[in-house]
Amino acid sequence: MASQLGQLAGTAQRTADTALRARASAVIPGGMYGHQAVSSLPPEYPQFMRGGVGARVTDVDGNSYVDLMCSYGPVVLGHRHPGVELAARDQEALGDCQNGPGPVLVELAELLVATVTHADWAMFAKNGTDATTMCCTIARAQTHRRLIAVARGAYHGAAPWCTPRPAGTTEADRANLRLFDFNDLASARAVAEQAGEDLAGIMVSPFRHDAGYDQELVDPAFARGLRELCDQTGAALILDDVRCGFRLHHGSSWEPIGVLPDLSAWSKAIANGYPIAAVLGAERFRDGARQIFVTGSFWFSAVPMAAAIATIRALKAQDAVAAMERAGTILRDGILAQAAESGFDVSYTGPVQMPYLTFAGDSNHVLATEFAAQAVRRGAFIHPRHNWFVSAAMTDDDIAVALAATGEAFAALRRATADRH
Ligand SMILES: Cc1ncc(COP(=O)(O)O)c(C=O)c1O
């Protein structure tokens, strides 16, 4: 497979990438925008990608990488998974964007309701932000209240109410948000008390995965406490499963700890890279969901729905979560051993299939950035300020190539830091 995809990136070429960046800077504000912009990353990062198969991706210059970002989450079964691609092609041959949805709309909703314990109904959109925003709107429509509580620093999307960069937004966009601290039930209770009769919902991610910080698993007592708080106040418990959904569990991410939300937001992994998002809800919120007007020109496209059905079936058939846990564990153990061998004090946090690496005392990410650049240069595509993603396509060979790259990256970092002292 590696030979089809080009050479490893030890001696990376950047000719095509450089030319595309120059053209982009003339016709695209900033040359590129959003989470995939590499302007704040070292020059080792390619901006433009050509394609990928399984756990390997290739940039426009033909340099190949083991993919540990998985398109920032969507690719869960590996690039161009045969079953998903076949389902997408079969649907495409029939039709995609039509005057009404295909039968796949109903089939996918039925599959999600059968797969996710708390779900009695499903609605679809395109992006995670659509889904988190819809959850807020449904909670408000159902409860006739205004306020939504979210954890300080949590990412729930890029709409004016939740974007981390306030340029172009107004205070009014966030006026109905209240903040608590993740895993701090007392702070959530205080917010609920201050909100009084006006709390429409509490939105929370399955674990704390704020960019640039060590990740923090949820304390089950905190999750149970939020459930009780919502039961007491009538507010909706909204689980933002956009990033974690179907990577941690073949159902909603808090099912293993026995906490079921009222509403959940999904996107990224549910169609292995095809553009679709979903809101899943419990019976009590069906009426609120029925009342709101939400739509989009491409929200009912049939190809991503067919891809989602195939993805969910393959996740179960392949026991994909177990495969990701296995690969993620080998990767974690290998990286931690390499760090110890090279004398670096690191934290490797989060579930093994969504890990994040930080260096002790490296609050401005200087070491993490240099390490990531060295790893990318050697063919392991990781990120210094965002959690990584492991896919179920990782073979032992992919893991070995990734670990060879990270091992050399630690050694290079050791040499660079020794030279500086
Ligand atoms: C937890 C979480 N919620 C919402 C979103 C927004 O999803 P999208 O970028 O598809 O709009 C993201 C995206 O990274 C996310 O990680």
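Worth a mention:
- Segment 155-164, subset small (Gly, Ala, Ser) and within 7 Å of the ligand (Cβ to nearest atom), residue farthest from ALA277 (Cα to Cα): ALA158
- Residue within segment 85-97 that is of a type in the set (S, T, N, Q) and within 16 Å of the ligand (Cβ to nearest atom) present: no
- The lone criterion from (1) out of contact with any Cys (no Cβ under 9 Å at 6 or more places or on another chain); (2) closer than 17 Å to LEU77 by Cα; (3) basic (Lys, Arg) left unmet by LYS268 is number (1).
- Here is the figure for segment 208-257: residues that are away from the ligand (no atom under 16 Å from the Cβ), in a loop (DSSP other than H, G, I, E, B), out of contact with any Leu (no Cβ under 9 Å at 6 or more places or on another chain) and under 22 Å from ALA278 (Cβ atoms) total 1.
- Flag if LEU280 is within 11 Å of the ligand (Cβ to nearest atom), surrounded by 24 or more Cβ atoms within 10 Å (Cβ to Cβ) and either modelled with pLDDT under 95 or under 18 Å from the mean Cα position of the chain (by Cα) (or both): no
- Among all positions in segment 134-143, there is no residue which is within 16 Å of the ligand (Cβ to nearest atom), in a loop (DSSP other than H, G, I, E, B) and within 28 Å of ILE202 (Cβ to Cβ).
- Any hit, segment 269-277, residues being within 12 Å of the ligand (Cβ to nearest atom), in contact with a strand residue (DSSP E or B) (Cβ under 6 Å, 6 or more places away or on another chain) and not aliphatic (A, V, I, L, M): no
- A Cβ distance below 6 Å, combined with a sequence gap of six or more or placement on separate chains, defines the contacts here; from segment 328-355, residues that are over 25 Å from ALA393 (Cα atoms) reach residues that are in a loop (DSSP other than H, G, I, E, B) in the pairs ASP345/ALA360; SER347/ASP214.
- Once segment 389-421 is narrowed to residues that are crowded, with 23+ Cβ neighbours inside 10 Å and either at pLDDT below 95 or not in a helix (DSSP H, G or I) (or both), the residue that is nearest to the chain's Cα centre (by Cα) is PHE389.
- When GLY157, GLY153 are checked against the criterion of being closer than 21 Å to TYR33 by Cβ, of a type in the set (Gly, Ala, Ser), touching a residue at least 40 places away in the same chain (Cβ under 8 Å) and not in a helix (DSSP H, G or I), a single residue qualifies: GLY157.
- Tally, over segment 182-207, of residues that are surrounded by 18 or more Cβ atoms within 10 Å (Cβ to Cβ), touching an Asp or Glu at 6+ places or on another chain (Cβ under 7 Å) and in a helix (DSSP H, G or I): 0
- Complete set of residues in segment 84-97 that are among the aliphatic types (A, V, I, L, M) and free of Cβ contacts under 8 Å to residues at least 40 places away in the same chain: ALA93
- GLY95 vs. criteria in contact with a helix residue (DSSP H, G or I) (Cβ under 7 Å, 6 or more places away or on another chain), surrounded by fewer than 14 Cβ atoms within 10 Å (Cβ to Cβ) and over 28 Å from LEU263 (Cβ atoms): yes
- Of the helices (runs of 4 or more DSSP H) lying entirely inside segment 280-353, those carrying at least 1 residues that are among the aliphatic types (A, V, I, L, M) and in contact with a Ser or Thr (Cβ under 7 Å, 6 or more places away or on another chain) are 302-317, 320-341.
- Of residues in segment 123-133 being of a type in the set (A, V, I, L, M) and more than 8 Å from the ligand (Cβ to nearest atom), the one surrounded by the most Cβ atoms within 10 Å (Cβ to Cβ): ALA125
- Subset of segment 166-181 (residues that are surrounded by 11 or more Cβ atoms within 10 Å (Cβ to Cβ), modelled with pLDDT of 95 or more and assigned to a loop (DSSP other than H, G, I, E, B)): THR169, ASN176, ASP181
- Residues that are β-branched (Val, Ile, Thr), surrounded by fewer than 20 Cβ atoms within 10 Å (Cβ to Cβ) and either at pLDDT below 95 or under 21 Å from LEU41 (Cα atoms) (or both), drawn from segment 309-368: VAL366
Table: residues versus (1) surrounded by fewer than 24 Cβ atoms within 10 Å (Cβ to Cβ); (2) within 15 Å of LEU112 (Cα to Cα); (3) more than 11 Å from the chain's Cα centre (by Cα); (4) of a type outside the set (Ser, Thr, Tyr).
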position	(1), (2), (3), (4)
CYS230	yes, no, yes, yes
LEU237	no, no, yes, yes
ASP241	no, yes, no, yes
HIS249	yes, yes, yes, yes
VAL259	yes, no, yes, yes
TRP266	no, yes, no, yes
ALA271	no, yes, yes, yes
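- Across segment 98-122, the qualifying residues are those that are acidic (Asp, Glu) and either in contact (Cβ under 8 Å) with a residue 24 or more places away in the chain or within 16 Å of the ligand (Cβ to nearest atom) (or both), and the one among them that is farthest from ARG286 (Cα to Cα) is GLU107.
- Taken over segment 174-197, the residue count meeting the criterion of being within 24 Å of the chain's Cα centre (by Cα) and of a type in the set (Asp, Glu) is 2.
The values are calculated or read from the model by the stated rules, or taken from the named source; none is laboratory data. Being a predicted model, the structure only gives us computed values, none of them experimental. We place every Cβ from the backbone using ideal geometry, glycine too, and count neighbours over all the protein chains shown.
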